[in-house]
């Protein structure tokens, strides 16, 4: 990103190749909307170019990138009046791996749907912190910088979000 900031805009393609899937995963898990997530990824990279002078280089690039992604997501939700998660579990059903048995596949699919439904029932804040920590594999100190809170606060929120997700999931499956 420092090279892009210095004017080598060709390096933006390399950044896109390295990070667009992770950004898409984050945005899709937050909204469950494929096309909107793809648009938002493009918007994040547009903002990276537009605001490249704000990247200091002293912090982690991913932290800055997810900060931009959160802003794009907030703008999207504001425009669409919070319609995140309306397309439910259909988008991720195809990702379910299974054992050799059709019964195993059906059980896994049902468990996955229940988990996705539980994720959608979480508050947006809890969903976001779980996606960043568990699906995007960000470390707590990175999440703390992205969300502008202490690392200890992130740990507590992740723990509480997991507890909430577990309770919601158990209500769905029982």
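The fewest-to-most ranking of 163, 20 by surrounding Cβ atoms within 10 Å reads 163, 20. When the chain is treated as a GNM with alpha-carbon contacts under 10 Å, the residue of 44, 72, 156 showing the greatest mean-square fluctuation is 156. Here the spin labels are modelled as points 7 Å beyond Cα on the Cα-Cβ line, and at residue 52 and residue 110 they lie 5.3 nm apart.
For the chain, calculate the relative contact order in percent as a whole number, restricting contacts to Cα pairs under 8 Å that are 6 or more residues apart. Once divided by the residue count of the chain, the mean separation gives 22 percent. On a 0 to 90° scale, report how tilted helix 34-50 is relative to the longest principal axis of the chain, with both axes built from alpha carbons and the result rounded to the nearest 10. Between helix and principal axis, roughly 20 degrees. The GNM of the chain, with springs linking C-alpha atoms under 10 angstrom apart, assigns the highest mean-square fluctuation among 51, 24, 140 to 51.
Convex hull over the alpha-carbon atoms of region 1-71: what's its volume per residue in Å³?
Working: hull volume 5.5 nm³, N = 71.
In region 1-71, the Cα convex hull volume per residue is 77 Å³.
Placing a label point 7 Å from the Cα of residue 159 along the Cα-to-Cβ line, the residues of region 139-153 whose backbone N sits under 17 Å from it are 140-141, 144, 150-153.
Largest first, the three principal axis extents of the alpha carbons in region 99-173 are 45, 25, 15 Å in whole numbers.
We did not get these values from a lab; they are worked out from the coordinates using the rules stated. Here the structure is a predicted model, which means the values were calculated and not measured. Positions of Cβ are generated from backbone atoms using ideal geometry, with glycine treated the same way; all protein chains shown enter the neighbour counts.
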